[in-house]
Amino acid sequence: MNLFELIRRLVFGDPPQSTREVRFLDEVPPPPPPPVSSNPILSPTASIPEPQSDPYFVADANGPAIKAKRSFDLNPNTYAPITRQEIKNAAKGTSLFANPWFGRRDLIPPADDPRTQLIDRALVTQGLLSPEQLHEIHEIGALMDQIKPTFAAIDHKAAVEGEAAVAADREARARLKARKKAEAVERKRRRAAEIAHRKATEITFLGRGVSGRLGDHRSDVDALTTAGLPVLSKPADLAAALGISISKLRWLAFHSEAASRVHYVQFTVPKKSGGTRTLSAPYVGLAKAQRWILDEIINKLPVEPCAHGFVTGRSILSNAQPHCQRAIVVNMDLQGFFPSIGFPRVRSVFQRLGYSPSVATILALLCTECPRRTVIYDGVTYHVATGKRGLPQGACTSPGLSNQVARRLDKRLTGMATKLGLSYTRYADDLTFSGDAELEGRVGYLMARIRHIAQDEGFAVNEEKSRVLRQGTSQMVTGLVVNDRPGVRREEVRQLRAILHKARIEGLEKQNTFGHPHFVAWLQGKIAFVAMARPETGKKLRDELDRILKV
């Protein structure tokens, strides 16, 4: 297909028989004559097609329609040959940019344009195109100029409809966007309502490292009921039992490594053996919650018979009595007893009782605290954790929970003592063993076994406080002498008698040589301690003090 055929087809469309090639200049050779049919009935003219209506085709009586050679009325001067120099000379007086058709690819310039005529002569001279071809090109250009307004109308209609479609699409997108925004706002509102409801009824996070079991609300109701303990499965149940809101319970139990506010006030007291001991006293809100836990849960739990510390009906006196009049008494101390009982072990205590992991976690958080150090950063005071959460010394729940955590330790040490024929008691972190003279050869083995069992149970023995006391020395158990019967050391009783004797003569205030800020209260406490072990001696000292105070 040549250029002219392409242009013609773009303007007029395909010819009626598109399979036939149209040629304007080349003579199409006549087709071969049709084969003669062997059937005598058919005439040779039976295969001749109908005449074509296309003006470019002519009908032949002896064959199919063929391309006809068109005739043009051409002016010879228009396409007369021209030399290269003549083209240059003729083009000197014309300006390309002044020509309205220069650079245009959307139209064919008219034949009467001087520049076009010059180009046509050059094309014919060089044999690139024939005059007939150029004449037909200009005819097509004229036709294009005629139908161009139709194209413009079509373009305008398409542009209008396109703008309407774009506007409709924009409107649809705007409606979709508005609907999605409304849905997002509704989702946000529902989410906020769900979060508010969850915050008011549930606790799902209480700090890093301690919140893993807050989603489990499964409690052993039968076990709790049998033990006579409050049935609590969800944080809301615990908050209702404590008489506080969920938000306050969350605030009391929340764990933070660096907190600007804490629930304990810390202070130090001197140790009898030297150094200081840090005590942590809870504020009122947490103290009330801990008191409820102590009264409703911890005090209802059984303890081992060998445990005498912080147990109703037991004291240092009951702890010392099993070791009276024994040949050998072995005392060992557990190092850092309360702080060594961490949060996971306390949570395990509550969970073994039947409480859900969620409630057990919150109860353990209410009863434990981190050792902290106060620092100031950017003008703000922070209480930074320096260790893991453990039982604080000063909380009312710590002693009872320590007895529950140490139950397995007590059972193992009791079993070992029974096997060796020894007596064993524990008062908080003080471990006491006693036996007859046969224990002499087994003291080393006994102390080694105590260390190993304590280590297996998560405790450590303070070697500096380990003592082996024989009958010839003052055998002390939790501050009482047990060589014969539980009692106070003679030096302390004599000191109290001397103070009261001089007080009758010189006055009570002059006897405060120790500089106690509350000397009378200290004196009353000392006398009460003596009365616990020796009631008759304590009564005499108390009566003497009362007479002095009445004077």
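The values are calculated or read from the model by the stated rules, or taken from the named source; none is laboratory data. Just so we're clear, the structure is a prediction, and the values are computed from it rather than from any experiment. Using ideal geometry, Cβ is built from the backbone for each residue, glycine included, and neighbour counts are taken over all protein chains shown. In case anyone asks, the SASA skips ligands and DNA or RNA and just uses the protein heavy atoms, side chains included. Shrake-Rupley method; radii C 1.70, N 1.55, O 1.52, S 1.80 Å.
Would you list which lysines come within 28 Å of K550, measuring only between C-alpha atoms, while excluding same-chain residues fewer than 8 positions from it?
Partners found: K502, K510, K526, K539, K540.
What residue among V375, I147, L301 has its Cα farthest toward the positive end of the dipole of the chain, where the charges are +1 on Lys, Arg and -1 on Asp, Glu, each on the Cβ?
Final value for the positive-end residue is L301.
Taking only C-alpha pairs under 8 Å that are 6+ residues apart, what is the relative contact order of the chain in percent?
Over the chain, the number comes to 12 percent.
Accessible area per residue, 1.4 Å probe, Å², for segment 419-468: what's the number?
51
Quick one: with all protein chains in place, what share of the accessible area of segment 482-551 is carbon or sulfur, to the nearest percent (1.4 Å probe)?
Carbon and sulfur together cover 52 percent of it.
Run the 1.4 Å probe and let me know the accessible area of R470, rounded to the nearest 10 Å².
Using a 1.4 Å probe on the heavy atoms, I get roughly 100 Å².
How would F519, F97, F151 line up by accessible area, probe 1.4 Å, largest first?
I get F97, F151, F519, largest accessible area first.
Tell me which lysines have Cα within less than 18 Å of K234's Cα, excluding those fewer than 8 residues away on the same chain?
K199, K248
Express as a percent, rounded to the nearest 5, the fraction of DSSP beta bridges in the chain (both residues included) that run antiparallel.
Roughly 95 percent of the DSSP beta bridges within the chain come out antiparallel.
For segment 93-194, what does the equivalent ellipsoid look like in terms of its semi-axes, each the square root of 5 times an eigenvalue of the Cα gyration tensor, given largest first in whole Å?
60, 15, 12
Could you tell me the calculated FRET efficiency between M416 and T204, based on Cβ-Cβ distance and R0 = 51 angstrom, to the nearest 0.05?
Efficiency computed from Cβ-Cβ geometry: 0.70.
Could you please state, rounded to a whole Å, how far the C-alpha centre of segment 478-517 is from the C-alpha centre of segment 411-447?
Segment 478-517 and segment 411-447 have Cα centres separated by 33 Å.
Once the other residues with Cβ under 13 Å from the Cβ of V405 are scored (Lys, Arg +1; Asp, Glu -1), what is the net sum?
Taking every other residue near V405 into account, the sum is +3.
If each residue of separation counts as 0.36 nm, what is the full-extension length gain between R408 and E491 once their alpha-carbon separation is subtracted?
The R408-E491 span can extend by a further 26.0 nm.
Rounded to a whole number, what % of the accessible area of segment 166-305 do carbon and sulfur atoms account for, probe 1.4 Å?
54
For A327 and V551, what is the calculated FRET efficiency with R₀ set at 56 Å and r taken between the beta-carbons, to the nearest 0.05?
Once rounded, the FRET efficiency stands at 0.70.
Using 0.36 nm times the number of residues separating T374 and R261, minus their current alpha carbon distance, what extension gain do you get?
Extra length available between T374 and R261 comes to 39.6 nm.
Need one value: the accessible area of M416 in square angstrom, 1.4 angstrom probe, rounded to the nearest 10.
20
Heavy atoms of the protein only, probe of 1.4 Å, neighbouring chains included. What is the accessible area of Y264 in Å², nearest 10?
Around 20 Å² of this residue is reachable by solvent.
Could you tell me which of Q85, A281, P517 has its Cα farthest along the dipole of the chain towards the positive end, charges placed at Cβ (Lys, Arg +1; Asp, Glu -1), taken about the Cα centre?
Farthest towards the positive end: P517.
Which entry is the computed mean projected area of the Cα convex hull in nm² for this structure: [x] 27.2; [y] 33.1; [z] 66.0?
Comparing each candidate, only [z] matches the computed number.
What is the gain in length, in nm to one decimal, between T125 and Q146 on full extension, counting 0.36 nm per residue of separation less the C-alpha to C-alpha distance?
Net length gain for the segment: 4.5 nm.
Excluding residues on the same chain fewer than 8 positions from K465, give the lysines whose Cα lies under 17 Å from its Cα.
Those lysines meeting the cut-off are K271, K272.
Sticking with the crude label model, points 7 Å out along Cα→Cβ, report the distance from K502 to K388 in nm, one decimal please.
In this crude spin-label approximation the distance works out to 5.1 nm.
Placing unit charges on C-beta atoms (Lys and Arg positive, Asp and Glu negative, everything else neutral), compute the dipole magnitude of the chain about its Cα centre in debye, rounded to 20.
4980
Obtain the radius of gyration and the Kirkwood radius of segment 276-433 from its C-alpha atoms and give Rg over Rh.
Radius of gyration over Kirkwood radius for segment 276-433 works out to 1.03.
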